[in-house]
Amino acid sequence: MAVSQSQSSPLPVIIVMGVSGCGKSSVGAELAARHGLPFLDADDYHPKANVDKMSKGIALQDDDRWPWFEILARTINENADQSGSAVCGCSALKRSYRTYLSDHVDRPVLYIFLHGSKALLFDRMSARKDHYMPPSLLESQLATLEEPGSDENAVAVSIDKSVANIVQEVEEILAKYR
């Protein structure tokens with residue numbers, strides 16, 4: 001997976017992506033804090049109808065997602081305009097979703113793809129309290145997932161370690177942007 005950018009430019013917008021339960025929010029929030037950047041949890045920008053569907057165990061369809069991505073891209077731009085960049089936790093499961101975000105965010109975007117075994121993801125989802133996404137939707141998320149290709153500005157990071165170790169691995173990747 002490609003990583004390329006001028007050494008003198010600021011950090012790209014970082015989108016921490018993957019299926020539910022992979023740690024997007026934990027890793028993204030820590031990265032944002034380390035760099036003094038805003039953290040946006042894409043889940044916070046879902047229209048109520050989307051949250052209601054997922055709460056009932058109904059998987060979202062593309063028609064449900066496009067308005068959400070429009071809101072999200074606009075919000076990322078607003079935050080990055082103020083701080084130079086931003087970190088966002090967003091599933092971004094399909095290439096078409098990542099293409100949309102990359103095309104509508106006004107800065108370079110680097111995707112950090114968090115991945116792990118189905119069993120680990122299920123265990124993490126099952127352990128969460130007060131989250132609208134039930135573990136029963138993991139199958140649909142995995143079926144929808146199109147892993148980033150080598151032609152996308154993305155890097156894959158395994159979640160079979162602590163958040164601190166995942167963040168350290170991402171920091172080593174981000175060092176190429178400084």
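The values are calculated or read from the model by the stated rules, or taken from the named source; none is laboratory data. Only a predicted model underlies this, so the values are computations on that prediction, with no experimental measurement involved. FYI the Cβ positions are ideal-geometry reconstructions off the backbone, even for glycines, and counts take in every protein chain you see. In case anyone asks, the SASA skips ligands and DNA or RNA and just uses the protein heavy atoms, side chains included. Shrake-Rupley method; radii C 1.70, N 1.55, O 1.52, S 1.80 Å.
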Next on the checklist: Residues that are modelled with pLDDT of 85 or more, open to solvent by less than 30 Å² (accessible area, probe 1.4 Å), in a loop (DSSP other than H, G, I, E, B) and of a type outside the set (S, T, Y): does the range 126-133 have at least one?
Outcome noted: no
Checklist outcome for this item: Residues of the range 109-125 being crowded, with 19+ Cβ neighbours inside 10 Å and at pLDDT 80 or above, in sequence order, are V109, L110, Y111, I112, F113, L114, G116
Item to check | When residues of the range 134-153 are limited to those that are in contact with a helix residue (DSSP H, G or I) (Cβ under 8 Å, 6 or more places away or on another chain) and of a type in the set (A, V, I, L, M, F, W, C), the one modelled with the lowest pLDDT | outcome: L137
Checklist entry - For the range 137-172, what are the residues that are part of a loop (DSSP other than H, G, I, E, B) and more than 18 Å from T99 (Cα to Cα)? => result I159, D160, K161, S162
Item to check | Contacts under 8 angstrom Cβ, first residue in the range 80-94 being more than 26 Å from E146 (Cα to Cα), partner surrounded by fewer than 24 Cβ atoms within 10 Å (Cβ to Cβ) and among the hydrophobic types (A, V, I, L, M, F, W, C), 6 or more apart | outcome: A80/V105; S83/L37; G84/L11; G84/L37
